[in-house]
Amino acid sequence: MESIYLEYKVSKGDVTRYATTIDTKQLMHEKGEQRESSNKIQLMMTQKVIDVTNEGVSTVEITIDTGVITNGTETFPLPNVGQKITMKMKKTGEIIYTSSPVDFSQPSFPEGPKKKKDRWDAISKINAPGRPEPIELNYKYILWDITNSNGLDCAEIKVSCPETAVELQPGVTQKISATGSTSFEYKKGFLVRSEVETKTLIESPENDVNVSTRIGVKVELIK
């Protein structure tokens with residue numbers, strides 16, 4: 001069975017463009033009343049490789065070229081169009097430095113060869129309001145298939161995060177889960193597409209309140 005390496009292969013001066021969509025939908029129940037809200041961010045960004053060390057650590061400059069925010073039925077220009085973000089990334093995709101926090105990042109991978117149906121886990125830490133320590137989420141991955149289409153040799157990876165429940169404060173709990181997929185061109189070493197949907201539910205039975213949120217993040221190669 002074919003073994004492959006999931007590594008980003010970049011050279012100084014490489015330029016790629018991605019379209020990113022962050023789609024958020026929220027439903028709140030409070031004391032018998034229900035409210036819905038939605039928010040969508042759509043942006044185009046350019047990634048340019050500024051430098052690559054002998055150890056394979058790349059310095060990448062990300063520029064947000066265009067973008068809009070849609071709240072309900074109203075659409076506004078994204079305020080940070082033109083912003084430049086500098087990241088340092090290992091060839092596995094692990095981010096070791098970023099000049100500014102972002103809601104999107106390229107997937108990271110384990111070291112060493114992988115073959116079809118191999119599985120691995122990765123811990124992700126997120127901060128939550130009212131909780132001093134971060135929440136640890138155990139993401140599970142499987143190299144589902146190895147395909148060739150339109151001239152691209154892609155590793156198709158499925159990702160999931162089983163539901164994790166934590167107490168934010170006495171009487172208030174939060175449940176988090178996620179599912180998604182990644183398509184990665186493993187021979188040339190670049191991301192083709194990534195889609196992840198994260199669901200959260202915050203419940204406070206004593207106050208008759210619960211808030212469910214669904215956030216979909218899609219990153220797709222344009223050039």
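The values are calculated or read from the model by the stated rules, or taken from the named source; none is laboratory data. Being a predicted model, the structure only gives us computed values, none of them experimental. Neighbour counts run over all protein chains shown; Cβ positions are idealised from the backbone, glycine included. With ligands, DNA and RNA removed, areas are computed over all heavy atoms of the protein, side chains included. Shrake-Rupley method; radii C 1.70, N 1.55, O 1.52, S 1.80 Å.
Hey, can you tell me all the residues within the range 170-187 that are of a type in the set (Asp, Glu) and in a loop (DSSP other than H, G, I, E, B)?
Those that are of a type in the set (Asp, Glu) and in a loop (DSSP other than H, G, I, E, B): none in the range 170-187.
Take the conditions touching a Lys or Arg at 6+ places or on another chain (Cβ under 6 Å) and either open to solvent by less than 40 Å² (accessible area, probe 1.4 Å) or basic (Lys, Arg) (or both) and apply them to THR46. Does it pass?
Yes.
Report whether or not ILE176 is closer than 19 Å to ILE126 by Cβ and open to solvent by less than 20 Å² (accessible area, probe 1.4 Å).
It is true that ILE176 is closer than 19 Å to ILE126 by Cβ and open to solvent by less than 20 Å² (accessible area, probe 1.4 Å).
Are there any pairs, at least 6 apart or on different chains, whose C-beta atoms fall under 6 Å, with the first in the range 52-71 and on the phi > 0 side of the Ramachandran plot and the second among the basic types (Lys, Arg) and modelled with pLDDT under 95, and if so, which?
Partner pairs satisfying both residue conditions: GLY56/LYS91.
So which residues in the range 51-65 are open to solvent by less than 70 Å² (accessible area, probe 1.4 Å) and either under 19 Å from VAL102 (Cα atoms) or not in a strand (DSSP E or B) (or both)?
If the condition is that a residue be open to solvent by less than 70 Å² (accessible area, probe 1.4 Å) and either under 19 Å from VAL102 (Cα atoms) or not in a strand (DSSP E or B) (or both), then THR53, GLY56, VAL57, SER58, THR59, VAL60, GLU61, ILE62, THR63, ILE64, ASP65 are the ones that fit.
Identify, please: which residue in the range 203-223 is farther than 16 Å from GLY32 by Cα and open to solvent by 60 Å² or more (accessible area, probe 1.4 Å) and is, among those, farthest from the chain's Cα centre (by Cα)?
Within the range 203-223, the match that is farthest from the chain's Cα centre (by Cα) is LYS223.
Search the range 3-18 for residues that are closer than 10 Å to ASP51 by Cα and pair each with any residue that is of a type in the set (Ser, Thr, Tyr) and surrounded by 15 or more Cβ atoms within 10 Å (Cβ to Cβ) when their beta-carbon atoms are under 8 Å apart and the residues are at least 6 apart or on different chains.
VAL10/SER58
How about the range 66-102: which of its residues are of a type in the set (A, V, I, L, M), crowded, with 16+ Cβ neighbours inside 10 Å and under 14 Å from TYR8 (Cβ atoms)?
Across the range 66-102, the qualifying residues are MET87, MET89.
Which one of these is surrounded by 14 or more Cβ atoms within 10 Å (Cβ to Cβ), of a type in the set (D, E, K, R) and in a strand (DSSP E or B): GLU156, GLU167?
GLU156
Go through the residues of the range 34-50 one by one and say whether even a single one is touching a residue at least 12 places away in the same chain (Cβ under 8 Å), outside any loop (DSSP other than H, G, I, E, B), more than 22 Å from the chain's Cα centre (by Cα) and more than 18 Å from PHE76 (Cβ to Cβ).
Checking the range 34-50: at least one residue is touching a residue at least 12 places away in the same chain (Cβ under 8 Å), outside any loop (DSSP other than H, G, I, E, B), more than 22 Å from the chain's Cα centre (by Cα) and more than 18 Å from PHE76 (Cβ to Cβ).
Could you list all residues from the range 188-206 that are in contact (Cβ under 8 Å) with a residue 40 or more places away in the chain and outside any strand (DSSP E or B)?
Listed by number, the residues that qualify are LYS188, GLY189.
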